[in-house]
Amino acid sequence: MDFLLAPSSTSSFPFLNNNSNNRIEHKSLPSSLCFFNLRKFSTVSFGYNRRSCRLRLSSSRRSKIKCSTSPTMSSSASPEIPQPKIVNGPGGYVLEDVPHLSDYIPDLPVYSNPLQDNPAYSVVKQYFVHVDDTVPQKIVVHKNSPRGVHFRRAGPRQKIFFDSDDVHACIVTCGGLCPGLNTVIREIVCGLFHMYGVRKVSGIDGGYRGFYAKNTVHLDPKVVNDIHKRGGTILGTSRGGHDTSKIVDSIQDRGINQVYIIGGDGTQRGASVIFEEIRRRGLKVSVAGIPKTIDNDIPVIDRSFGFDTAVEEAQRAINAAHVEAESFENGIGLVKLMGRYSGFIAMYATLASRDVDCCLIPESPFYLEGPGGLFEYIERRLKENGHMVLVIAEGAGQELLSESLQSMTQKDASGNKLLQDVALWISQRIKDHFSKERKMTINLKYIDPTYMIRAIPSNASDNVYCTLLAQSAVHGAMAGYTGFTSGLVNGRQTYIPFYRITETQNKVVITDRMWARLLSSTNQPSFLCPKEILEDQGHEESSNELLDNGKCSPN
């Protein structure tokens, strides 16, 4: 294989013609040529190891280029794992594109999208996404700012790379439960059936290990019709069990050519490895990811599905804690919410409730004793109001538990650190402090709704979002894109490369306006150390000094 075909050109081939059967008569593509339809881009670069492909556009709409192969790599050698696929344009425009099957498989047949004859969609004007449509990652810019990073806009293409009769799709759910999993499964199945006429869809039972350890489940619109009304996942899930070679062997043996993987950052890393192995073997298999994390800690995307439902359901626990707290003298309602590394659920639930007096999250270190500490604040609120409500994310304050230093090195099957129950520990510390040191009677009620929140069906907002995510993934896979995650960026559905989803975690920025709004709402202290006043060249500067472990400096 000695050529690359830019995926952005898949909807406009000058050498393709429709026939009466709505198929495209395809001719062999010249192995020395690449075709592009990127009118506004000045440079297109594909960062493949030991091979590159660059284009400088001329005045004509379509330009041809030759893609060179390094002499050290023979034409019969296995294709190497691709590096990020970047398109550079004027004004600092950068498109972080997603892989396409035509990048490593030559002479692919192309078909007309059956949506053009679908009565539900044929009435929509400009329904098909333009080949040049992209979505900016950063929406707020200055007038002289570069145009910045963009992602390919999701949606149906005029030309697709799979014959509907030949498609065998599979769906797998991995990791913990999250509201909306069944909705995503339902919409993938219904999207494939109703939009593209695909009749063979299988469900992988029990997560990644289900590829080689369990039988598949046949899925069709009748089977999945009502599953969105239930919590959990009808396919079952698990952590770990990722054996890349066995998984790809199973995909190959079963004749699967579209894989839809629903899971969090760890699951998406696994999906990326599966895609790389599929590409190495030269298989015509599209791998599409749907990001799932109830903590909302996946980067780039606006939010993850299930998050709105989790925040809404968390209100029930906070309301119960508030009722308990205000009904007793010196009542304290303590609610533990999900948030291993990111405190988004705790922060948004606190802002939505308005009954919370203090919110503790992993991103904001705090301390218990001394001036400005948690104990002092609790005592002040009890004297002012007679009760208080405290919300804590499960990952907050882990550094305060001396016993946790041993458990921090232990991980579960998904590679997540095993955390101790910091809320239970703080509950006991609060009781001991006020009963033994302050000689003050308190009534503390501890509520942990974690698994209740994870197991409920998704609300209306998340149901709509799950539909968009699922249908976008289906459109992308049918159009030949692979190695991508479907996600919402600035309110638009996009295709995001796997590496952008797995390179970091989304966390609350405690110097951001949203955290300032929370501090204003709760009137809680920031729990940073007392400011040290430094005189420097006639003016004062304040310094919040924290040690690496989040504790205050002894100074």
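The values are calculated or read from the model by the stated rules, or taken from the named source; none is laboratory data. Computed from a predicted model, the values in this text were never measured in an experiment. Methodologically, a virtual Cβ is constructed for each residue, glycine included, from the backbone with ideal geometry; neighbour enumeration extends over all protein chains shown. To get the accessible areas, we keep the full protein, side chains included, count just its heavy atoms, and leave off ligands, DNA and RNA. Shrake-Rupley method; radii C 1.70, N 1.55, O 1.52, S 1.80 Å.
Laid out as a table, the results:
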| item | result |
| --- | --- |
| Any hit, the stretch 106-126, residues being within 20 Å of Gly491 (Cα to Cα), in contact (Cβ under 8 Å) with a residue 24 or more places away in the chain and hydroxyl-bearing (Ser, Thr, Tyr) | no |
| Residue count, the stretch 206-220 (criterion: over 22 Å from the mean Cα position of the chain (by Cα), open to solvent by 10 Å² or more (accessible area, probe 1.4 Å) and not hydrophobic (A, V, I, L, M, F, W, C)) | 6 |
| Residue identified as of a type outside the set (Lys, Arg), outside any strand (DSSP E or B) and under 28 Å from the mean Cα position of the chain (by Cα) among Pro119, Pro146 | Pro146 |
| Hits in the stretch 340-355 - residues which are within 16 Å of the chain's Cα centre (by Cα), part of a helix (DSSP H, G or I) and over 14 Å from Arg316 (Cα atoms) | Phe344 |
| Test: residue in the stretch 202-210 that is among the aromatic types (Phe, Trp, Tyr), assigned by the TED database to the domain that holds Thr494 and outside any loop (DSSP other than H, G, I, E, B) | no |
| Residues satisfying the stated conditions in the stretch 135-152, i.e. under 18 Å from Gln471 (Cα atoms) and either out of contact with any Asp or Glu (no Cβ under 7 Å at 6 or more places or on another chain) or modelled with pLDDT under 90 (or both) | Val135 |
| So Met452, is it outside the structural domain of Gly180 (by the TED database) and either crowded, with 24+ Cβ neighbours inside 10 Å or touching a residue at least 24 places away in the same chain (Cβ under 8 Å) (or both) | yes |
| Meets criteria (surrounded by fewer than 21 Cβ atoms within 10 Å (Cβ to Cβ), at pLDDT 90 or above and either assigned by the TED database to the domain that holds Glu276 or part of a strand (DSSP E or B) (or both)) for Val172 | no |
| Residue, nearest to Lys229 (Cα to Cα), within the stretch 177-194, restricted to residues that are in contact with a helix residue (DSSP H, G or I) (Cβ under 8 Å, 6 or more places away or on another chain) and open to solvent by 10 Å² or more (accessible area, probe 1.4 Å) | Arg186 |
| Hits in the stretch 179-199 - residues which are within 30 Å of Met338 (Cα to Cα) and either out of contact with any strand residue (DSSP E or B) (no Cβ under 9 Å at 6 or more places or on another chain) or of a type outside the set (A, V, I, L, M, F, W, C) (or both) | Pro179, Gly180, Asn182, Thr183, Arg186, Glu187 |
| Residue pairs meeting the criteria (Cβ under 7 Å; at least 6 apart or on separate chains; first in the same structural domain as Pro365 (by the TED database) and among the hydrophobic types (A, V, I, L, M, F, W, C), in the stretch 381-401; second part of a strand (DSSP E or B) and open to solvent by 10 Å² or more (accessible area, probe 1.4 Å)) | Ile392/Lys336 |
| Failed condition for Phe328, given (1) assigned to a loop (DSSP other than H, G, I, E, B); (2) buried (at least 17 other Cβ atoms within 10 Å of the Cβ); (3) among the hydrophobic types (A, V, I, L, M, F, W, C) | (2) |
| Check on Gly270, in the same structural domain as Gln471 (by the TED database) and touching a Gly at 6+ places or on another chain (Cβ under 6 Å) | no |
| Matching option when the condition is under 30 Å from Asp355 (Cβ atoms) and open to solvent by 30 Å² or more (accessible area, probe 1.4 Å), among Asp295, Asp308 | Asp308 |
| Count of residues meeting criterion [closer than 24 Å to Glu384 by Cβ, open to solvent by less than 20 Å² (accessible area, probe 1.4 Å) and assigned to a helix (DSSP H, G or I)] in the stretch 475-530 | 3 |
| Residue match in the stretch 345-355 (condition: closer than 25 Å to Phe498 by Cα and either of a type in the set (Ser, Thr, Tyr) or surrounded by 20 or more Cβ atoms within 10 Å (Cβ to Cβ) (or both)) | yes |
